[in-house]
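The values are calculated or read from the model by the stated rules, or taken from the named source; none is laboratory data. None of these values were measured; they are calculated from a predicted model. Every residue, glycine as well, gets a Cβ built from its backbone with ideal geometry; the counts of neighbours run over all protein chains shown.
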Amino acid sequence: MAAILNMFRVSAAGILAHVVLLLSLAVYSSYGGCTFPADWTGSWFQSGIPGLIAINSTHIQSKGECSETESYDKFLLYDRAYDCYRCMVIHEKHKYVLQYKETYCSQKDSVNSVCDEISGDAPLYSMFRKEPRPIPQSCPFHPPPFTFTYSRGSGDCISPLSRAESCTDDSRLLLRYMACPDVPGTESNVEELVCLATWKEGSTRYLVGQISQVTRRNSIASDEDTYRCFIYKGQHSDKSMTYIIAQSGDATCNGLSSPTDGSRTMKLTNSDDEHNRCHFPKWIVEHHKWFSLDHTHQYRFTTKNATLKIMNEDGTFEEKRLVCHSILEQKDKKHITLVAHVTRGCESGHVCLMFHLRDGNVLELQRGASLWEAPQDACSDPAAPRYVTLTTTTMHPMRCPIFGRYSIVNSLADRRRKRQQITIGDSESSEIQRAAECVAGDYDSASIGCGAAQDTIEFKSSCTSVVYTCYGSWQEGNRGFLIAAPVARASSHPRTFCFMYEHSHGNESHNGALALSAVARSCDRSIIPGREGDKAYNLTSNGTCEQSSKYNSQGTRVTPAAILLTSLVLMTR
């Protein structure tokens, strides 16, 4: 009997739960029995609607909540404010673009019955995603640059030709409109197009983008002013690529039926420009990645050795793209002068570049300071550009160009320490002063190229030392250059140094004095060795590595004072 009662209780509980579920579904079906795709959640812009339209899993702002759905694109929405229902047929053209048609709000009926009220010529509305922020995509018009003609309905502006140029970011295109004196309504203007979404319907291709006025940067533009829809068609030929484009007159895709019919039409033809003119030489591009000495910039060669990209790596991101335009001079496979077309953001022009291959995996670049519209003017500036010293990702130790042991008679750290001692005065203890000497790196001796592999530099003092590995060197007149990196490096210290040195009176023997400076940024020719730089030393020779080693192996040096002391000891015996 107890078992029967238990079974009855379980069955009753199950029936009750089932009834509650059915009732809740009935209520939910009346006011929101379906959901929208999760990707639609966010804020959307629609032309003519104040503010943004919010969409979540069950609601579309100002339209209602999802009640029924059919065929993945038909939705019956319940409007609580007016107690009525409307059908929305929504098509996702792109994850950033929704297009829909809708009915007026009416009494409830099946989703198909209500949706059948939508006629073929009903208005088509477009919504463009605003939040989360859309990520631009590559523009479909490539490869830039292009020349183009355009029309606003009063004739084609053909002469002078307008120009479309690439930006560093492939999702942007710079449109330079020219004014044609014989065509009314044309004007000189520069616009920047950001491509957001593309899709295809049959043979028709669509693009949604945002346009900003470059020539009027300070003007305040609303979404109504910036969003535009495009229809385009590409035509290939043996030597060029042409795009026929129609642009909408407002922030909708209405009124666009073909690439030749729009508020503004354009015909883009890629021009025979610098992109196929020349290539960087093999001795430069055999290493696809180069780095500045302090590793704040990366230089990367791409696109079949015709393009150089320069990128910041110091926490910011800025990219410059340089495309080889023409080679002016190349000699002995170690030096080349060329003109490149440079793009930074959407700013572009021509610049002069000079590359110098140094010893080892070391390259130096000189780049003109100005951008020139005409390539023939880029290398006309007589002033010598500063050097940028680059190294590869894989550096190999090499023999140091100097050999011997030296005493440091004067250093930049020593001069700074003396100034510090004058400031400190006699009140500080000698221990603090000695600690300051060690921290400042006030070394008293140096050995260069004296290791087993002859590829290290060691600076020593009574309390500390530092060792550098030599990676490459070269000579320019009386001045030598050495690329070296510390063997043990703290994360806050520079990765690589350029050591610049000069022998006294040009004397490279081991008996002469040596002025030495180290710079962490690049091999700056304006630095005076021994006087300026991040580190600066003046050294005198103590002999060759072999002499010093032999000298040290014989024990303590016998000085005249030691000889006299020994004689006195013998006399007292």
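Have a look at Asn112, Asn56 and point out the one that is outside the structural domain of Cys253 (by TED's automatic domain parsing), at pLDDT 95 or above and of a type outside the set (D, E, K, R). Criteria check complete, one pass: Asn56.
Only one of (1) closer than 18 Å to Pro401 by Cα; (2) part of a loop (DSSP other than H, G, I, E, B); (3) modelled with pLDDT of 90 or more; (4) of a type in the set (D, E, K, R) is not met by Glu508, so which one is it? With (1) closer than 18 Å to Pro401 by Cα; (2) part of a loop (DSSP other than H, G, I, E, B); (3) modelled with pLDDT of 90 or more; (4) of a type in the set (D, E, K, R) applied to Glu508, the lone miss is (3).
Screening the range 484-494 for residues that are surrounded by fewer than 16 Cβ atoms within 10 Å (Cβ to Cβ) and within 28 Å of the chain's Cα centre (by Cα) and picking the one that is modelled with the lowest pLDDT gives Ser492. Among residues of the range 152-167 being surrounded by fewer than 20 Cβ atoms within 10 Å (Cβ to Cβ) and of a type in the set (Ser, Thr, Tyr), the one that is modelled with the highest pLDDT is Ser159. From the list Tyr104, Tyr96, Tyr82, Tyr78, the lone residue that is among the aromatic types (Phe, Trp, Tyr) and under 28 Å from Lys200 (Cβ atoms) is Tyr96. Taking the listed residues Phe280, Phe291, the one that is modelled with pLDDT of 90 or more, closer than 26 Å to Arg386 by Cβ, not aliphatic (A, V, I, L, M) and not in a strand (DSSP E or B) is Phe280, with no other qualifying.
To keep it simple, each residue is scored yes or no on (1) under 25 Å from Phe45 (Cα atoms); (2) of a type in the set (Lys, Arg); (3) modelled with pLDDT of 95 or more; (4) crowded, with 20+ Cβ neighbours inside 10 Å.
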site: Pro184; (1), (2), (3), (4): no, no, no, no
site: Ser188; (1), (2), (3), (4): no, no, no, no
site: Ser212; (1), (2), (3), (4): yes, no, no, no
site: Arg217; (1), (2), (3), (4): yes, yes, no, no
site: Arg228; (1), (2), (3), (4): yes, yes, yes, yes
site: Gln235; (1), (2), (3), (4): no, no, no, no
site: Lys239; (1), (2), (3), (4): no, yes, no, no
site: Ala251; (1), (2), (3), (4): yes, no, yes, yes
site: Gly262; (1), (2), (3), (4): yes, no, no, yes
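Only residues that are surrounded by 14 or more Cβ atoms within 10 Å (Cβ to Cβ), in contact with a Pro (Cβ under 9 Å, 6 or more places away or on another chain) and either of a type in the set (A, V, I, L, M, F, W, C) or modelled with pLDDT of 85 or more (or both) were counted in the range 305-337, giving 4.
Which residues, taken from the range 66-95, are of a type outside the set (S, T, N, Q), in a strand (DSSP E or B) and either within 42 Å of the chain's Cα centre (by Cα) or surrounded by fewer than 19 Cβ atoms within 10 Å (Cβ to Cβ) (or both)? Working first, answer last.
Within the range 66-95, the first condition is being of a type outside the set (S, T, N, Q), and the residues that meet it are 66, 68, 70, 72-95.
Right, trim to in a strand (DSSP E or B) and you get 66, 68, 70, 74-79, 84-94.
Listed by number, the residues that qualify are Glu70, Lys74, Asp79, Cys84, Val89, Ile90, His91, Glu92, Lys93, His94.
Among residues that are over 22 Å from the mean Cα position of the chain (by Cα), closer than 30 Å to Asp444 by Cα and outside the structural domain of Arg525 (by TED's automatic domain parsing), Pro375 is not included.
Here is a yes/no grid of residues against (1) under 27 Å from Leu322 (Cα atoms); (2) free of Cβ contacts under 8 Å to residues at least 24 places away in the same chain; (3) β-branched (Val, Ile, Thr):
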| residue | (1), (2), (3) |
| --- | --- |
| Gly153 | no, no, no |
| Ser159 | no, yes, no |
| Thr226 | no, no, yes |
| Lys233 | no, no, no |
| Thr242 | yes, no, yes |
| Ser248 | no, yes, no |
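Within the range 373-414, being part of a helix (DSSP H, G or I), surrounded by 12 or more Cβ atoms within 10 Å (Cβ to Cβ) and not hydrophobic (A, V, I, L, M, F, W, C) holds for Pro375, Asp377, Asp414. Filtering Thr252, Thr269 for residues that are in a strand (DSSP E or B), among the polar types (S, T, N, Q) and closer than 30 Å to Thr226 by Cβ leaves a single hit, Thr269. All but one of (1) assigned to a loop (DSSP other than H, G, I, E, B); (2) among the aliphatic types (A, V, I, L, M); (3) buried (at least 16 other Cβ atoms within 10 Å of the Cβ) hold for Leu98; which doesn't? For Leu98, the failing item is (1).
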